[in-house]
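Novice: This is the structure, below, for whatever I ask next.
The values are calculated or read from the model by the stated rules, or taken from the named source; none is laboratory data. Bear in mind that the values here come from a model prediction, so they are computed numbers and not experimental data. Virtual Cβ from ideal backbone geometry, glycine too; neighbours counted across all protein chains shown. Side chains included, ligands, DNA and RNA excluded: accessible areas come from the protein's heavy atoms. Shrake-Rupley method; radii C 1.70, N 1.55, O 1.52, S 1.80 Å.
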Amino acid sequence: MGNLKRATTFAEQLAILRERGMEVDEQLAEQWLKNVSYYRLSGYWYGNRMLEPNYSPKNPKRLDTFKPGTTFEEIVKLYEFDRKLRTLIHDGMERIEVTLRARIGELLIHKGPLSYQDPNLFRESFDHESWLKTTRGRVERAKQRSAAIKHYDEHYDDYPFWVLADVLDFSDLSQLYDGLLLEDQRFISEGLGLKVNPEKLMSSTKKSYYRQDPLARWCEQFTVVRNTCAHHSRLWNRHFTPASTNAFRTIPSLDSLPRSQSERLYGTLLMMAFILKSVSPGSSWIKKVISLVENEFSVSPRRNTVEMGFPEI
């Protein structure tokens, strides 16, 4: 086994932070280090570490020392902002996931209760057999806790999609959407208000648009963001699975998406807000997100919304 770092005590961790230039309230720091951990918090103070002199913008390296004025309290505030943002995103993703499940279900059930088992209704490139194997595994695990699954298992020969849907997770739905035929993808995405103007697209982008609906890649990104929130991982300055923006930028409400592709949180938030406004017009979700960013993030002296992919003002 290779060398490992020696574990440090709370007192040693406090000393390290002070030695590196952080202003530390000992009582506050000890509480957080004991209940959150030094390692987990380190992701939140990373941006407060000094950059090496003459660093390369493409590959910036940080020193161990902190920028002057860095306090443990501001790190705690950033952590709390991130935690509250995860909670809001998880809430919004739940509604999007339920909607996606319902829309895909509506489409497939119209073709037959067991149409999801027919490989001819999906793209040739879709690994239909593998997807079915995964869903059957989820059904087996659900038999002990799902009354509906247990009922159908005891009284019927198979599970219609409206029963199966409740054991699928966001990843399963994302893969299923990815495997749908183009006209079926378009039926769902346009039903969510995502009506692209292909005449505004360049020829190369237009070819891609006519091969697969761009929502497929966004569902993949949503899955990653949703899982980040579900596992309580750091969210605010992460890079996620990139999703193409060219087609959706033709929609006026989405024209502030980054050019070419989006891999930061701003694009996710904008897309979520658009879909939620379409499926739940009375939702106050976006107002809560804006309020959180303005009142608990933007007031930080060393933080900038550009870190989350927001457009520069």
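Novice: Filter the stretch 225-240 down to the residues that are more than 21 Å from LYS77 (Cα to Cα) and surrounded by fewer than 15 Cβ atoms within 10 Å (Cβ to Cβ) and list them by number.
Specialist: Result: ASN227, HIS239.
Novice: Restricting the first residue to the stretch 241-255 and requiring it to be over 14 Å from MET272 (Cβ atoms) and without any contact (Cβ under 8 Å) to a residue 60 or more places away in the chain, which pairs with a second residue that is assigned to a loop (DSSP other than H, G, I, E, B) and among the small types (Gly, Ala, Ser) meet a Cβ separation below 7 Å and a spacing of at least six or different chains?
Specialist: THR245/SER260; ASN246/SER260
Novice: Starting from the stretch 9-29, take each residue that is without any contact (Cβ under 8 Å) to a residue 12 or more places away in the chain and list its partners that are open to solvent by less than 80 Å² (accessible area, probe 1.4 Å), counting only C-beta distances under 8 angstrom and pairs at least six apart or across chains.
Specialist: ILE16/THR8; ARG18/VAL24
Novice: Which ones in the stretch 37-64 are of a type in the set (S, T, N, Q) and open to solvent by less than 60 Å² (accessible area, probe 1.4 Å)?
Specialist: Result: SER37, SER42, ASN48, SER56.
Novice: Look through ARG264, ARG234, ARG259, ARG226 and report the one residue that is charged (D, E, K, R) and without any contact (Cβ under 8 Å) to a residue 40 or more places away in the chain.
Specialist: Checking each option against the conditions leaves just ARG259.
Novice: Quick one: ARG62 ticks every box in (1) modelled with pLDDT of 95 or more; (2) touching an Asp or Glu at 6+ places or on another chain (Cβ under 9 Å); (3) among the charged types (D, E, K, R) bar one, so which box is it?
Specialist: Evaluating ARG62 over (1) modelled with pLDDT of 95 or more; (2) touching an Asp or Glu at 6+ places or on another chain (Cβ under 9 Å); (3) among the charged types (D, E, K, R) leaves (1) as the failure.
Novice: Go through the stretch 195-217 and give me each residue that's farther than 17 Å from GLN261 by Cα, within 27 Å of the chain's Cα centre (by Cα) and open to solvent by 60 Å² or more (accessible area, probe 1.4 Å).
Specialist: Answer for the stretch 195-217, where residues must be farther than 17 Å from GLN261 by Cα, within 27 Å of the chain's Cα centre (by Cα) and open to solvent by 60 Å² or more (accessible area, probe 1.4 Å): LYS195, TYR210, ARG211.
Novice: In addition: Out of curiosity, is ASP157 within 18 Å of LEU114 (Cα to Cα) and open to solvent by 60 Å² or more (accessible area, probe 1.4 Å)?
Specialist: So ASP157 passes the test.
Novice: Can you give me the number of residues within the stretch 243-262 that are open to solvent by 60 Å² or more (accessible area, probe 1.4 Å) and either closer than 15 Å to THR228 by Cβ or in a loop (DSSP other than H, G, I, E, B) (or both)?
Specialist: Total satisfying the criteria: 3.
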